[in-house]
């Protein structure tokens with residue numbers, strides 16, 4: 001879990017991890033992840049939805065499934081649409097969706113190729129209580145299945161409680177780091193908070 | 001996944017989004033018709049003067065319409081940061097360019113299909129006698145414009161003054177295409193038509209060189 005103030009470098013670090021931005025120095029790798037295999041590419045949820053407004057929810061998921069060589073793209077898209085609770089709206093254009101629904105389709109897109117590494121930039125943005133509970137359960141399942149999840153969050157929440165390691169960064173530098181849970185983890189997540 | 005499959009999937013997406021909104025095609029067609037009609041007021045239809053200047057005006061109109069079309073080519077991908085999701089999804093970034101290039105060429109040719117009869121009527125120049133060669137010239141010329149335009153669109157989309165930067169970079173680069181296409185088209189529309197195969201070959205070589213450059217350096221245009 002990445003914590004830190006606005007502008008501390010969380011998003012930049014996640015974009016470097018997603019290989020969208022090239023690092024000016026050094027190298028970032030995830031042990032066990034094979035970047036050249038389809039599911040070795042990270043699943044990334046950013047501030048933007050990263051899906052097309054002019055396509056329907058289903059068309060978006062099928063598009064990204066096909067691009068990433070997912071077996072039976074239509075079935076995978078249908079499965080994820082049911083998971084994120086958008087199956088009833090599968091034929092609606094994304095531009096007609098609310099903020100929360102957009103976030104759900106963004107998460108579904110990131111999961112479409114069953115990635116072994118997940119990068120989430122404030123994934124709970126726009127989600128209602130039910131959505132946050134669903135996301136927390138989904139993340140727990142992914143972690144149990146052996147997936148690596150790196151996410152940025154502001155403060156404590158149902159999702160931050162899942163963290164096995166918390167790192168607080170400020171101006172691109174680590175200022176607090178813990179592998180422990182409970183109070184120690186909370187202290188890192190809220191480090192420096194007013 | 002192969003380059004061909006990725007390209008065809010992305011081309012399908014380009015066509016679907018455009019035919020759903022029809023923003024680009026409608027705007028470009030209306031623009032090119034306005035330009036041709038306005039230019040037609042400056043020459044007497046059917047005269048030698050019209051035959052002399054009309055091919056140049058035709059290609060200028062195509063060039064202006066194309067630069068309008070390319071403005072939104074990569075800009076559209078920035079609305080929801082979909083360019084990043086494409087870069088994460090495809091194994092070869094060249095497929096993004098190939099799909100956009102194919103879509104741009106197709107849209108440009110569709111605009112020309114609408115434009116050609118209007119051009120023939122307003123300038124009183126028969127285009128049917130040498131139509132197959134004229135279509136070939138329009139294709140190789142439009143392909144050159146689309147290749148260069150797609151590349152420049154990717155570069156300028158990340159710049160601050162992108163609306164100004166695209167025509168500033170594109171128009172000088174396309175001067176050879178404009179000059180040669182106009183000369184070859186003038187030869188075809190002449191009272192004694194001549195097919196200038198050397199000019200057509202030049203356009204083909206131009207396309208090949210710029211496509212190779214796009215293949216070699218395209219991925220760097222997409223980096224943040």
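Residue pairs whose Cβ atoms lie under 9 Å apart, separated by 6 or more positions or on different chains, with the first residue in the range A:81-99 and within 17 Å of residue A:63 (Cα to Cα) and the second surrounded by fewer than 15 Cβ atoms within 10 Å (Cβ to Cβ) and modelled with pLDDT under 90, are A:93/B:20. Just a yes or no: is a residue in the range B:65-83 away from every other protein chain (no Cβ under 14 Å) and free of Cβ contacts under 8 Å to residues at least 24 places away in the same chain? No, that holds for no residue. Inspect the range B:40-56 for any residue being within 20 Å of residue B:68 (Cα to Cα), modelled with pLDDT under 90 and touching a helix residue (DSSP H, G or I) at 6+ places or on another chain (Cβ under 9 Å) and give the result as yes or no. Among the residues of the range B:40-56, not one is within 20 Å of residue B:68 (Cα to Cα), modelled with pLDDT under 90 and touching a helix residue (DSSP H, G or I) at 6+ places or on another chain (Cβ under 9 Å), which makes the answer no. Please determine whether any residue of the range B:25-39 is assigned to a helix (DSSP H, G or I), over 24 Å from residue B:182 (Cα atoms), free of Cβ contacts under 8 Å to residues at least 60 places away in the same chain and within 14 Å of chain A (Cβ to nearest Cβ). No, the range B:25-39 contains no residue that is assigned to a helix (DSSP H, G or I), over 24 Å from residue B:182 (Cα atoms), free of Cβ contacts under 8 Å to residues at least 60 places away in the same chain and within 14 Å of chain A (Cβ to nearest Cβ).
So residue A:94 clears everything in (1) under 23 Å from residue B:86 (Cβ atoms); (2) more than 10 Å from chain B (Cβ to nearest Cβ) except one condition, right? Which one? Result: residue A:94 passes all but (2).
Given the criteria within 21 Å of residue B:109 (Cα to Cα), touching a helix residue (DSSP H, G or I) at 6+ places or on another chain (Cβ under 7 Å), modelled with pLDDT of 90 or more and crowded, with 16+ Cβ neighbours inside 10 Å, does residue B:189 qualify? Judged against the criteria, residue B:189 is not a match.
To keep it simple, each residue is scored yes or no on (1) within 13 Å of the chain's Cα centre (by Cα); (2) not in a loop (DSSP other than H, G, I, E, B).
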{"residue": "A:119", "(1), (2)": "yes, yes"}
{"residue": "A:125", "(1), (2)": "yes, no"}
{"residue": "A:132", "(1), (2)": "yes, yes"}
{"residue": "A:137", "(1), (2)": "no, yes"}
{"residue": "A:146", "(1), (2)": "no, no"}
{"residue": "A:157", "(1), (2)": "no, no"}
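One residue alone among A:77, A:106 is under 15 Å from the mean Cα position of the chain (by Cα) and touching a residue at least 12 places away in the same chain (Cβ under 8 Å), and that residue is A:106. All conditions in (1) surrounded by 14 or more Cβ atoms within 10 Å (Cβ to Cβ); (2) modelled with pLDDT of 85 or more hold for residue A:189, with the sole exception of (2).
Among the conditions (1) in contact with a helix residue (DSSP H, G or I) (Cβ under 6 Å, 6 or more places away or on another chain); (2) in a loop (DSSP other than H, G, I, E, B), the only one that residue A:76 does not satisfy is (2).
For the range B:91-115, give me each residue that is within 20 Å of residue A:70 (Cβ to Cβ) and surrounded by fewer than 23 Cβ atoms within 10 Å (Cβ to Cβ).
Initially, the range B:91-115 is screened for residues within 20 Å of residue A:70 (Cβ to Cβ), giving B:91-93, B:95-96, B:99.
Hits for the range B:91-115 are B:91, B:92, B:93.
Does the range A:19-37 contain at least one residue that is within 12 Å of another protein chain (Cβ to nearest Cβ), farther than 17 Å from residue B:91 by Cα and not in a loop (DSSP other than H, G, I, E, B)? No: the range A:19-37 contains no residue that is within 12 Å of another protein chain (Cβ to nearest Cβ), farther than 17 Å from residue B:91 by Cα and not in a loop (DSSP other than H, G, I, E, B). Taking the listed residues A:70, A:62, the one that is in a loop (DSSP other than H, G, I, E, B) and either within 14 Å of chain B (Cβ to nearest Cβ) or touching a residue at least 24 places away in the same chain (Cβ under 8 Å) (or both) is A:70, with no other qualifying.
The values are calculated or read from the model by the stated rules, or taken from the named source; none is laboratory data. Model, not experiment: these values are computed from the prediction. Neighbour counts are summed over all protein chains in view; Cβ atoms, including those assigned to glycine, are modelled from backbone coordinates with ideal geometry.
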